[in-house]
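**Q** Have a look at the structure that comes next, please.
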Amino acid sequence: MSTARSHDDHERSRPSIGGSLAYLLLSFPVGVAAFVVLLTLTVLGVGTAIVWVGLPVLGATVLLTRGAAVMERARVYALLGSYIPPATRPLPEGDFRQRWRTRLTDTATWREYTYLFLLFPIGMVEFVSMVATWGVSLALLGLPIYYRFLPGGVWHFPTNDPAVRWVTVDSVWSALPWAAIGLVLVVITALFTQRLGAAHGRFARAMLGPTYARTRELDEDDAETAQSLMRP
């Protein structure tokens, strides 16, 4: 049985709301860090490759990409409950050039590199979505508590401009309908957070996990290993 299948029983059918929220909020800073580091190393390595100085830099970029992909798989599993098996090919023993040839010709390496780059724009959208939706819903839900602490002890919607004050909240009773709307929005936002986390988990699995062909390869390797162990 392949590694990809052996963890199926340990996966949650859907990620938790708290785990999804934590993952989606963290994706933006993680994506920024990955984008800045990989872009800097790539540009530096390519720009200086003509004088051979850039080759070690590009090699370090490949190794860093693989290490970051391992950490991202762990983050997906810890917060979204989705196990993503490694997709990279095993490195041959011995020859240094052959090991690097395997790394560079492995499509998994470049899928990991692409994922880490895309994590910046995707993480930014996810972060803004979480801050906006949770901010609005929680602000409305808590309006009966904090409206009295606003300037003048009054909340106006949409602005404080007297010409466009459509709604004025100056008591607990006038705030309760808005709190009810906030409660509905909290439920909707929680479901949205869970679905968005699950969607990102599927995207991460597609980019960081083995393809169908690679999974078959892993199964064949496992079968060959099992047969060799059973031989006298």
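**Q** For the range 1-137, compute Rg over Rh where Rg is the Cα radius of gyration and Rh is the Kirkwood radius from the inverse mean 1/r over Cα pairs.
**A** For the range 1-137, the value is 1.05.
**Q** Just to confirm my numbers, what's the Cα centroid distance between the range 75-118 and the range 26-59 in Å?
**A** With the range 75-118 and the range 26-59 each reduced to a Cα centre, they are spaced 17 Å.
**Q** Can you tell me the Rg and Dmax of the range 42-85, counting just the alpha carbons, in angstroms?
**A** 14.9, 46
**Q** A follow-up question, please. Pairwise over distinct Cα atoms, reciprocal of the mean inverse distance: report the Kirkwood radius of the range 56-120 in Å, one decimal place.
**A** Across the range 56-120, the inverse of the average 1/r is 12.7 Å.
Only the coordinates and a few stated rules stand behind these numbers; no lab work does. Keep in mind it's a predicted model, so treat the numbers as computed, not measured.
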